[in-house]
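All of the numbers you see were taken from the coordinates with simple rules; none came from a lab. Just so it is clear, the structure is predicted and the values come from calculations on it, not from any experiment. Here Cβ is always computed from backbone atoms with ideal geometry, including for glycine, and neighbour counts include all displayed protein chains.
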Amino acid sequence: MGPFQMFKPQESFADGTLLEYNFRTQGRQEEKIDLNPLADQQRLSSSADAKPTEDFAGSVIKFGPIWSYNDESSWPGGFCKVGGKRQSPIDIQSKNVIIDFEKQFIKYGKLKYKGYEAVLLTGINNGHTIQFSTEGDNSMHPTLTGGPLKHDYRLEQLHFHWLSEHAVNGAKFPMEIHFVHVRSDLKVSEALNKRDGLAIVSVFCNVKTELKSEEADTSEELMQHIPLLMKTANRISGVLMDLEKLIPVKDSYYSYLGSLTSPECNEVVVWIIYDKPIHISDALYRVFGNVGVGRHNYRSLQRLSHHLVFQPPPALVATPVAVQMFSDAVKVIRNLFKNITSFVSRGLHSR
């Protein structure tokens, strides 16, 4: 069965039973939870201003099979239906990318990841994707800062899209991983109303039949967990994962202000999209193809409007020579006029 096998969307849950495998106790547990999609439908439709709960934790509503990737026109949320000024995902055209020599957008140095090498996670199949959410108090979550980010951001969750949501020069990748971060000084509900409330790091994945040893480590990091999350509502807890293995070279990326790619499509995201993919095994990709969340789980590309896509300059070329020479010339002229003004002023006072 290939990765693009057509799946019939799951219309109902059996009895609300959640099968959980706890890696800390090395045992299976059963837990009763309410997975009634009609309850979620009523919650969201009862008010035009309804907001996702704190369980939202990023760009996918927990257990929310009330919307479908097969019918985007019925998605809840005004931005989803009528669009906005900076909806995501987009097709990034490299010819239009602004190399940010002048630090118009990427103002805060290199990206700084902290605490990603050993992260405690809970994994869940929420009916739309496979998602891993950070466990523990917010203060224990990994953090990201620098680059286009003025604030610190804490990691809330990561999830997967197949095919990729973003495209580069019209081409898509087999998969895209989203690392969803929330501004550390905000609650999730507050972040969903701030222009820069969320920061989502996007990593493209290419598929290879044979992997190098370091690439194999990446696939193995996921392969031991994904097969336990094949059905909607499957859940695993106590997962310890080295997320650094899922992030490529950290200095070359695209960045722009955009939106969530699922309801309610809030325009609150600083996107950081690595231009170099990581590689996963064909076997792992086929496992994702068998996950019961439908044939695909990506939003269609959005029309470009107020999108400006930036990229940091290469590390060895902080400022082009021509720009530096012009800048130096301006400084010389400015100092010359300053000296002339000072000389004339002293001459007038001496009379």
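Assorted remarks:
Yes/no matrix, rows are residues, columns are (1) within 21 Å of L228 (Cα to Cα); (2) surrounded by fewer than 21 Cβ atoms within 10 Å (Cβ to Cβ); (3) charged (D, E, K, R):
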position: F79; (1), (2), (3): no, yes, no
position: G84; (1), (2), (3): no, yes, no
position: D100; (1), (2), (3): no, yes, yes
position: T122; (1), (2), (3): yes, yes, no
position: E165; (1), (2), (3): no, no, yes
position: M175; (1), (2), (3): yes, no, no
position: H178; (1), (2), (3): yes, no, no
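- The single condition among (1) surrounded by 19 or more Cβ atoms within 10 Å (Cβ to Cβ); (2) touching a residue at least 60 places away in the same chain (Cβ under 8 Å) that G170 does not satisfy is (1).
- Within segment 187-219, the set of residues being assigned to a loop (DSSP other than H, G, I, E, B), farther than 11 Å from V268 by Cα and touching a helix residue (DSSP H, G or I) at 6+ places or on another chain (Cβ under 6 Å) comprises T209 only.
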